[in-house]
Amino acid sequence: MSRAAIRYAKAILDFATEAGKAAAVNTDMKQIANSIAGSQELKDFLTNPIIKIEVKKGAVEAIFSAVDPVTLKLFQLLNDNKRFEILYQIAVQYNAIFDENNGLQVAKVTTAIPLTPELEKQVLAKIATFSDKKITIVNTINPDIIGGFILTIGDMQYNASVANKLQQLKREFNN
């Protein structure tokens with residue numbers, strides 16, 4: 001994550017908080033991050049140095065026409081500073097700072113199959129052992145882990161996958 005994106009995210013959060021619009025802008029930032037992450041064309045468009053900055057601003061304002069006026073001010077600021085290539089990073093960073101300020105934490109859970117209610121309870125029980133914050137679970141499916149789960153919260157990771165256990169057994173047999 002670039003330092004510039006962190007600075008922009010903090011600045012827009014401060015501005016949005018003063019205006020009483022922090023939650024609305026957080027919703028906008030989630031939409032922006034999801035849209036850019038889900039569209040390689042949009043990502044390429046925003047990072048292309050050949051496309052004029054005014055064209056980028058016009059396109060972003062058209063794509064995200066229903067956003068809060070505070071978010072529109074961010075678009076203007078990015079236009080003035082010619083920094084649209086970091087819009088995705090700003091949106092992700094804004095969400096992270098907003099959640100942290102509100103006592104929320106995102107837990108990324110990687111499973112071989114979609115998370116079942118039973119497995120979700122196990123994951124939440126594990127999270128409760130080292131975090132007292134309100135947790136939002138984001139599930140990613142990766143069949144390569146075979147079974148179990150990999151839990152990532154911030155910079156901590158707990159690997160309870162079958163693939164990891166098999167790898168440990170393999171190392172023990174090789175030693």
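The values are calculated or read from the model by the stated rules, or taken from the named source; none is laboratory data. Note that the structure is predicted; figures quoted are calculated from it, not measured. In this analysis, Cβ positions are derived from the backbone assuming ideal geometry, glycine residues included, and neighbour counts consider all displayed protein chains. The protein model used for the area step is the full one, side chains on, heavy atoms only, and it has no ligands, DNA or RNA in it. Shrake-Rupley method; radii C 1.70, N 1.55, O 1.52, S 1.80 Å.
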If the Cβ limit is 6 Å and pairs must be 6+ apart or interchain, which residue in segment 140-168 that is under 14 Å from Ala107 (Cα atoms) and at pLDDT 85 or above pairs with which residue that is open to solvent by 50 Å² or more (accessible area, probe 1.4 Å) and charged (D, E, K, R)? Thr152/Lys108
Give just the number: which of (1) surrounded by fewer than 14 Cβ atoms within 10 Å (Cβ to Cβ); (2) over 20 Å from the mean Cα position of the chain (by Cα); (3) not hydrophobic (A, V, I, L, M, F, W, C) does Glu61 not satisfy? (1)
Could you pull out the residue among Asp99, Asp144, Asp80 that is assigned to a helix (DSSP H, G or I), among the charged types (D, E, K, R) and open to solvent by less than 40 Å² (accessible area, probe 1.4 Å)? Asp99
Looking at (1) closer than 30 Å to Lys56 by Cβ; (2) open to solvent by 50 Å² or more (accessible area, probe 1.4 Å); (3) at pLDDT below 90, can you tell me which one Thr136 breaks? (1)
State whether the residues of segment 151-165 include one that is of a type in the set (S, T, N, Q), assigned to a helix (DSSP H, G or I) and open to solvent by less than 40 Å² (accessible area, probe 1.4 Å). yes
Residues in segment 21-72 that are part of a helix (DSSP H, G or I), more than 21 Å from Tyr94 (Cα to Cα) and touching a helix residue (DSSP H, G or I) at 6+ places or on another chain (Cβ under 8 Å): how many? 4
Test result for Asp144, within 30 Å of Thr17 (Cβ to Cβ) and acidic (Asp, Glu): no
Restricting to segment 129-142, give me the number of residues that are closer than 23 Å to Val162 by Cβ and not β-branched (Val, Ile, Thr). 3
Tabulated pairs, segment 28-54, first open to solvent by 100 Å² or more (accessible area, probe 1.4 Å), second in a helix (DSSP H, G or I), C-beta under 9 angstrom, 6+ apart or interchain: Asn34/Ala91; Pro49/Glu85; Glu54/Asn79
